1. Looking at (1) in a helix (DSSP H, G or I); (2) within 19 Å of the chain's Cα centre (by Cα); (3) farther than 30 Å from residue 261 by Cα, which one does residue 62 not meet, given that it meets all the others?
2. If I ask for residues that are more than 16 Å from residue 97 (Cβ to Cβ), surrounded by 14 or more Cβ atoms within 10 Å (Cβ to Cβ) and touching a strand residue (DSSP E or B) at 6+ places or on another chain (Cβ under 9 Å), which ones from region 9-28 would you list?
3. Do the conditions hold for residue 146, that is, is it over 28 Å from residue 44 (Cβ atoms) and in the same structural domain as residue 196 (by TED's automatic domain parsing)?
4. So, in region 19-59, exactly how many residues are in a loop (DSSP other than H, G, I, E, B) and either outside the structural domain of residue 114 (by TED's automatic domain parsing) or over 17 Å from residue 1 (Cα atoms) (or both)?
5. Does residue 260 satisfy the criteria of being more than 20 Å from the chain's Cα centre (by Cα), surrounded by 13 or more Cβ atoms within 10 Å (Cβ to Cβ) and in the same structural domain as residue 105 (by TED's automatic domain parsing)?
6. From the list 116, 106, which one is modelled with pLDDT of 95 or more, in a helix (DSSP H, G or I), buried (at least 17 other Cβ atoms within 10 Å of the Cβ) and touching a strand residue (DSSP E or B) at 6+ places or on another chain (Cβ under 7 Å)?
7. Please give the number of the condition residue 194 fails out of (1) over 20 Å from residue 63 (Cα atoms); (2) out of contact with any helix residue (DSSP H, G or I) (no Cβ under 9 Å at 6 or more places or on another chain).
8. Restricting attention to region 161-187, report how many residues are in contact with a helix residue (DSSP H, G or I) (Cβ under 6 Å, 6 or more places away or on another chain) and closer than 11 Å to residue 135 by Cα.
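The values are calculated or read from the model by the stated rules, or taken from the named source; none is laboratory data. The structure displayed is predicted, hence computed values, not measured ones. Reconstructed Cβ throughout: ideal geometry from the backbone, glycine too, with neighbour counts over all protein chains shown.
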């Protein structure tokens with residue numbers, strides 16, 4: 001399939017696993033407004049690939065990302081109206097990651113600041129290196145995070161820790177991220193560990209994983225009303241699929257199932 005080209009983002013594919021890399025040399029992989037829009041389009045396009053089983057989201061040159069590119073704020077969010085449009089673009093990129101019908105693991109080394117934390121939180125898991133450093137310095141810029149970003153943070157770390165992160169705007173370590181639930185696993189090589197983990201579940205039923213992801217994410221977002229229709233559609237799609245029949249047949253025959261995601 002043909003994916004949209006996004007300046008500052010590279011995509012590679014090995015088997016059923018794709019790696020999306022933030023790549024802006026010399027700028028600590030900061031995320032421009034164009035990149036926010038492009039990430040939305042990229043993950044939306046990845047969602048149409050029936051053979052995709054997982055995505056690793058990472059940054060080049062030992063750095064995840066220093067966050068939104070403040071250097072282009074004078075052009076992209078100089079007015080209140082532009083600021084709202086910018087936040088919509090951030091939400092749409094993160095929603096596309098969270099809405100992808102297969103697992104996404106953020107593999108994090110070095111800086112993961114500001115808007116980059118939003119990308120990491122929209123992922124299903126965060127595998128981090130010992131040198132990873134996190135911060136949401138919105139209070140240093142008089143910025144208020146969107147409700148969706150805040151809801152994802154609260155779902156990960158709880159109310160008190162989320163307030164601490166926003167109120168003091170100070171960096172915190174990989175160790176602290178693990179202690180609070182912001183990060184899931186400490187790894188020497190987060191990208192390799194993420195790929196290995198995703199490859200280990202690639203044989204499981206894609207529709208089951210997609211449905212579980214959609215329902216869990218919906219439950220975890222208190223600012224969004226739970227929609228029974230979404231849960232019903234995911235359940236019905238799985239029950240009427242080839243994979244459901246294959247799973248039952250494989251169980252009866254005592255053989256590994258061959259799932260197709262359909």
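1. Only one criterion is unmet by residue 62, namely (1).
2. Those that are more than 16 Å from residue 97 (Cβ to Cβ), surrounded by 14 or more Cβ atoms within 10 Å (Cβ to Cβ) and touching a strand residue (DSSP E or B) at 6+ places or on another chain (Cβ under 9 Å): 13, 16, 23, 24, 28.
3. In short, no.
4. Within region 19-59, the subset in a loop (DSSP other than H, G, I, E, B) is 23-30, 32, 47-53.
Okay, now just the ones that are also either outside the structural domain of residue 114 (by TED's automatic domain parsing) or over 17 Å from residue 1 (Cα atoms) (or both), so 23-30, 32.
Summing the residues that are in a loop (DSSP other than H, G, I, E, B) and either outside the structural domain of residue 114 (by TED's automatic domain parsing) or over 17 Å from residue 1 (Cα atoms) (or both) in region 19-59 gives 9.
5. Numbers: more than 20 Å from the chain's Cα centre (by Cα): yes; surrounded by 13 or more Cβ atoms within 10 Å (Cβ to Cβ): yes; in the same structural domain as residue 105 (by TED's automatic domain parsing): no.
No; evaluated as a whole, the condition is false for this residue.
6. So the residue among 116, 106 that is modelled with pLDDT of 95 or more, in a helix (DSSP H, G or I), buried (at least 17 other Cβ atoms within 10 Å of the Cβ) and touching a strand residue (DSSP E or B) at 6+ places or on another chain (Cβ under 7 Å) is 116.
7. All conditions are met except number (1).
8. 1
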